[in-house]
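Student: I have a structure I would like to understand better, so I am pasting it below and will then ask my questions one at a time.
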Amino acid sequence: MIEVKGLSKSFEGRRVLDGISFSVARGETLGIIGPNGSGKSTLLKLVSGVETPDAGDIRLDGKPIASYARKELARWLAVLQQDALPPVGFTVREVLEMGRFPFQNWLGEEPADSAALIDGIVEKLRLAPFASRTLEHLSGGERQRVALGKVMAQQPRLLLLDEPTTYLDIGYQMQMMDTVRKWQQDERLTVVAVLHDLNLAAQYCDRLLLVHRGRIAKLGTPWEVLERGLIAEVYETEPIVTAHPVTGAPQLLLQPGSYPSGGGREDSDEDRQTAGTFTV
Ligand SMILES: Nc1ncnc2c1ncn2[C@@H]1O[C@H](COP(=O)(O)OP(=O)(O)OP(=O)(O)O)[C@@H](O)[C@H]1O
């Protein structure tokens, strides 16, 4: 479904991503994790075609991403970003209808009637109480659920999530992740998600890609990646890794005041340029 080979990207002469290669199978959920500034969002922007790489190759179903026309790409993939929605003017229902844009002709007409699809999304995401309200009258968390509704209306094959749970309380975090999982199981959707919450990532992702200073530190199952020593090295804090008592997924318990020896963050440009290579 997605094949990424040798991706590199620099901004203002500074290497932000360096030699990134991975592939994602249809129906799989890949979580991208890593410390602040490690290059996760940039990687997602390259995969969505918003940014172009300096070197490397991205293929969707065997075809280079650059060869897709804009509207064709929008029928193929959808991106859910933090704070993705225009804050004013539009009602919730209007925003959901905007998700249908890639399927409309130049007169704004769609061959199939999408009203039933939109009704289904309103019901699934429990948006009915504010469906006719404009976005500026919603909370951050409510707007985030509407943003998910908009990408669901787009009916993509590939869903890219950039920190989708940022504004959500734990109840809605679970609702959002469970909704995506159900949607994925029903439609064999492929999901690539940037997640800061490692416990959520371990629960919902088939594999994790740990990015550190623009390189892949590890790619593997949640148990392979959320290994205590590796997490301590990358995040510079030493968690306890334990199995979830019900699902068996690895879960991290944070330990206040625990830093690996010689700890303390090194985030300078120089460190980034000279960062060591990890085994993948
Ligand atoms: N357009 C840009 N111009 C210059 N530098 C950029 C640009 N976009 C990103 N960067 C830099 O690239 C690095 C990686 O940024 P990116 O947003 O990909 O990190 P991230 O892992 O998503 O971080 P976070 O977890 O903090 O959201 C950062 O140092 C950032 O400042």
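Student: With a 1.4 Å probe and all protein chains kept in place, how do Tyr172, Tyr235 rank by accessible area, largest first? Let's see the in-between values first.
Tutor: Numbers: Tyr172 75, Tyr235 40 Å².
Putting Tyr172, Tyr235 in descending order of accessible area: Tyr172, Tyr235.
Student: In the chain, what percent of the accessible surface is made up of carbon and sulfur (1.4 Å probe, ligands and nucleic acids excluded)? Mind dumping the intermediate values first?
Tutor: On the way: 6820 of 13660 Å².
Looking at the chain in its full context, I get 50 percent from C and S.
Student: Taking the DSSP beta bridges in the chain as the whole, what percent of them are antiparallel, to the nearest 5? Write down the numbers at each step before the final one.
Tutor: Numbers: 24 of 41 bridges.
Restricted to the chain, the bridges split so that about 60 percent are antiparallel.
Student: If I stretch the segment between Arg59 and Leu230 completely, what's the gain in nm (0.36 nm per residue apart, minus their alpha carbon distance), one decimal?
Tutor: Working: separation 171, 0.36 × 171 = 61.56 nm, distance 2.98 nm.
This chain segment gains 58.6 nm when fully extended.
Student: Can you tell me the FRET efficiency between Arg26 and Tyr259 if r is taken as the Cβ-Cβ distance and R0 is 30 Å, rounded to the nearest 0.05?
Tutor: Numbers: r = 41 Å, r/R0 = 1.37.
Efficiency computed from Cβ-Cβ geometry: 0.15.
Student: Subtracting the Cα-Cα distance from 0.36 nm times the residue separation, let me have the gained length for Val88 to Ala69 in nm, one decimal. Present the calculation step by step, with values, prior to reporting the outcome.
Tutor: Details: separation 19, 0.36 × 19 = 6.84 nm, distance 2.91 nm.
Between Val88 and Ala69, full extension yields 3.9 nm more.
Student: Right, here's the next one. Sequence neighbours fewer than 8 away in the same chain don't count; with that in mind, list the lysines whose C-alpha is under 21 Å from Lys9.
Tutor: Lys40, Lys45, Lys63, Lys218
Student: Rounded to the nearest 0.05, what FRET efficiency do Asp186 and Thr237 give with R0 = 41 Å and r taken as the Cβ-Cβ distance? Could you check? Can you show the working numbers first?
Tutor: Numbers: r = 38 Å, r/R0 = 0.93.
That pair, Asp186 with Thr237, gives E of 0.60.
Student: R0 = 45 Å: FRET efficiency of Thr247 with Glu12, Cβ-based, nearest 0.05?
Tutor: Efficiency at R0 = 45 Å is approximately 0.55.
Student: Under a 1.4 Å probe, what is the accessible area of the chain per residue, stated in Å²? Don't jump to the answer; show the numbers that get you there.
Tutor: Numbers: 13660 Å² over 280 residues.
Here the per-residue accessible area is 49 Å².
Student: Among the GluC sites (Glu not before Pro) within region 171-258, which fall in a DSSP loop and have no more than 16 other Cβ atoms within 10 Å of their own Cβ?
Tutor: Values: sites: Glu187, Glu224, Glu227, Glu233, Glu236; in loops: Glu227, Glu236.
Here the GluC sites (Glu not before Pro) that fit, given the DSSP loop and packing criteria, are Glu227, Glu236.
The values are calculated or read from the model by the stated rules, or taken from the named source; none is laboratory data. These numbers were taken from a predicted model, which means no experiment stands behind them. Using ideal geometry, Cβ is built from the backbone for each residue, glycine included, and neighbour counts are taken over all protein chains shown. Surface accessibility is based on the protein's heavy atoms, side chains included, excluding ligands, DNA and RNA. Shrake-Rupley method; radii C 1.70, N 1.55, O 1.52, S 1.80 Å.
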